[in-house]
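Notes to accompany the following structure.
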Amino acid sequence: MEQFGNIVSSICILMAWSYLIKENAVYNFAEHLLVGMAVGRGIAYTIEVQLQPRIVDGIIGQGRWSLIIPAIIGCLIYFRFVRGYEWVSRICMAVWIGYGAGNFLAFNPATYMPQIFDSFFKLDSIDNVIYFLVVISIVWYFIFTVRKDSGFGQQFSMIGRYALMIAFGSAYGSITMAYLSLIIGQLQIILRDTLHLVK
Amino acid sequence: MDWEKLQNIDIRILYVIILFCMAIPMFKPIGLPVAVSENSRKVFQVIEDLPDGSVIWVSHDTGSGNAPELNPMISALARQAFRKNCKLVGTAFFSETVGPTLLYDYINEVAQEMGKEYGVDWINLGYRINAPATLKIMVDDVWQGAGGVDWAGDPLDKFPLMQQVRSIRNDVDLLFVTTVGSPGYGDWMQYVAEPLNKPLTGGASLTMYSGVQHYIRSGQLKGFLGGLRGAAEYEQLVDHPGQGLAGMDAQSMGHITVLVFLLLGNIGYFMARSKNGRQ
C-alpha cells in the first residue's frame, strides 16, 4: 500500500512538473485533482472537527448553549447572498476584526518590546554601528511627511533604500535555496521511495 | 560570439540541467563540507544545557511541501533529547495529517533505536485546530487543549508521561518549534514563550531565514536551524549524519548550477552591452 502511495505521488509530481515544458492537459488534470481533493477534504474536515464537536456534541450533547451566540454571529456572513441585507454580513466581520485587534493589543507588545529594547545598545562594534545606521536610515526612508528630494536627507534615505534592497535580496536568495530543498524532497520520492535507485 | 544568446537560454534547458545536477549527488554522494553556523550551534547548546530528564515540547508545524527540510531536524532533536533522557511532547498545528504523522514516524524511528517507549519517554498529541486558542489553553491545561486524547485518540490517562505533563507553564522546560510560517514563532512567543519566560528554539523553512533574524538577535529565539542546511549542521553537531547531510550535496550542486547560470547571464549582458556600445 505504501509503495502504491509512492507511485501515485511520483506520477503526480511528474504531472505537475510537466508545466515547466508548457501548460498542458496532464498538468491541468493534476491541478484540478489537487483543488478538488483539497476542497472535498476541507468540507469533510470542517464537518468532523468544527461542526460535529461544537454543535452536535457541545451544544446539543453537553448543553453548552453559550456556543449558539458565536454560531449565530458566524452564520450572519451568509447575508452576503441576501439582496438588500448584505450589510448584516459586516457584523460578523466587525466582531472578528474587533477580536483580532483586541487580541493583538493584549498579546503583541510582549513579542515586539524585546526587539525594540534590543535596538538600544552601545555603539562599540562595527556590527552595532551598521545596525544602528540601517535602522535609522530605513525609518527615515519611510517618513513620507518630510521632503527628501535633496541634500543629506536624500542621501540618507538612499542608504535606507539600499539596505532594504540588500535585505530583500537576501530573502530572495533564501527562498531560492528553499525551493531547491523542495525539489530534493520530490526527487527523493521519485528516485528513492518509488524507484529505489538511491539509498 | 553572439553574447545575447547567453541571456536567452531556453528556460526548459535550465530546468533539465538543474534537475540533472541535483540528481547526480543522490547516486554518487560527493561529500561537500558543511560548516556549522553559530545559530545551529546555539540550538544544540540550549538543548545540551537542559538538565537530564527535562521535558521538551516539540511542535512540527509543517506540511508536505517543506517536510524534507524539517524532518531531519526532528530526528536529530529526538536523538539529542533521548541521549539526555529528556521527554518529548509533540504537537502539530499546521497540517492535520502531515505534521502529526511525520512527527510520529521520525521520533518513533529514533525512539525504537534507542529503546525509548511511547507514552513514557515521548508522546504525540497530534494536530489541534486554531493554534493561538489551543496554545492559550495548553499553557495551563495540556489535557484540555489536547481534548484528553493523543493523536491516535487514546486517552491521556493511560500514558505515564502525561501524569507528569499537566501544563506548559509548570511542566515544560523548552519549546522546539519547526514551522513553515503560520502558526510561527510569533504565535509561540505571544502565547507561550514570552508570558511564561520559556526558552524557544527550533528551525524553519529557509524562506523564513531573513524573517527570524530579529528574533535571534533579541534573544527571543535561542538559535535557529535554517532549512535543509540547518538540519545538516544540527546532524553534524548531534554526530549522527542523516537525511539532512545526505541532501546537502544535491542542494549545493543546485546552488552552484544556479550561480553558474547567473554568472553566464550577466557576462552575456555586459558583453552584449559593451559590443553594442562600441558599434
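For the reader, a short list of remarks on this structure follows.
- If the condition is being part of a loop (DSSP other than H, G, I, E, B) and of a type in the set (D, E, K, R), then region B:1-48 contributes B:Asp2, B:Asp10, B:Lys28.
- Filtering region B:201-242 to residues that are part of a helix (DSSP H, G or I), more than 10 Å from chain A (Cβ to nearest Cβ) and of a type in the set (Ser, Thr, Tyr) leaves only B:Tyr234.
- Selected residue (only one of B:Ala78, B:Ala146, B:Ala67 is at pLDDT 95 or above, small (Gly, Ala, Ser) and either more than 29 Å from A:Ser174 (Cα to Cα) or in contact with a helix residue (DSSP H, G or I) (Cβ under 7 Å, 6 or more places away or on another chain) (or both)): B:Ala78
- Any pair with Cβ under 9 angstrom, 6 or more apart, that starts in region B:149-164 at a residue that is in the same structural domain as B:Gly126 (by TED's automatic domain parsing) and ends at one that is in a helix (DSSP H, G or I) and polar (S, T, N, Q): B:Trp151/B:Thr101; B:Leu156/B:Gln163; B:Asp157/B:Gln163
- Residue match in region B:139-147 (condition: closer than 20 Å to B:Ser182 by Cα and part of a loop (DSSP other than H, G, I, E, B)): yes
- If the condition is being within 14 Å of another protein chain (Cβ to nearest Cβ) and either aromatic (Phe, Trp, Tyr) or under 12 Å from B:Val180 (Cβ atoms) (or both), then region B:29-67 contributes B:Thr62, B:Gly63, B:Ser64, B:Gly65, B:Asn66, B:Ala67.
- Looking only at region A:127-149, and only at residues there that are surrounded by 10 or more Cβ atoms within 10 Å (Cβ to Cβ) and either hydroxyl-bearing (Ser, Thr, Tyr) or outside the structural domain of A:Leu164 (by TED's automatic domain parsing) (or both), the one that is farthest from A:Gly160 (Cα to Cα): A:Tyr131
- Residue within region B:72-82 that is within 11 Å of chain A (Cβ to nearest Cβ) and at negative phi present: yes
- Top-ranked residue of region B:243-260 - restricted to ones that are surrounded by fewer than 21 Cβ atoms within 10 Å (Cβ to Cβ) and either among the acidic types (Asp, Glu) or free of Cβ contacts under 8 Å to residues at least 12 places away in the same chain (or both), ranked as nearest to the other protein chains (Cβ to nearest Cβ): B:His255
- Listed by position, the helices (runs of 4 or more DSSP H) inside region A:56-152 whose residues that are over 30 Å from B:Arg217 (Cβ atoms) and without any contact (Cβ under 8 Å) to a residue 60 or more places away in the chain number at least 1 are A:68-75, A:89-118.
- Every residue from region B:17-28 that is β-branched (Val, Ile, Thr) and either under 30 Å from B:Ser182 (Cβ atoms) or surrounded by 18 or more Cβ atoms within 10 Å (Cβ to Cβ) (or both): B:Ile18
- B:Leu14 vs. criteria crowded, with 16+ Cβ neighbours inside 10 Å and either under 30 Å from B:Pro160 (Cβ atoms) or within 14 Å of chain A (Cβ to nearest Cβ) (or both): no
- Summed over region B:146-186, the residues that are in contact with a Pro (Cβ under 9 Å, 6 or more places away or on another chain), surrounded by 20 or more Cβ atoms within 10 Å (Cβ to Cβ) and charged (D, E, K, R) give a count of 0.
- The residues of region B:212-226 that are of a type in the set (S, T, N, Q) and under 16 Å from the mean Cα position of the chain (by Cα) amount to a single one, B:Gln213.
- Pairs, first at pLDDT below 90 in region A:1-12, second among the small types (Gly, Ala, Ser), C-beta under 8 Å, six or more apart: none
- Condition met for A:Asp124 (surrounded by 14 or more Cβ atoms within 10 Å (Cβ to Cβ) and modelled with pLDDT under 90): no
- All positions within region B:187-208 that are more than 18 Å from B:Asp140 (Cα to Cα) and surrounded by fewer than 23 Cβ atoms within 10 Å (Cβ to Cβ): none
The values are calculated or read from the model by the stated rules, or taken from the named source; none is laboratory data. Since the model is a prediction, treat every value here as computed from it, not as a measurement. We place every Cβ from the backbone using ideal geometry, glycine too, and count neighbours over all the protein chains shown.
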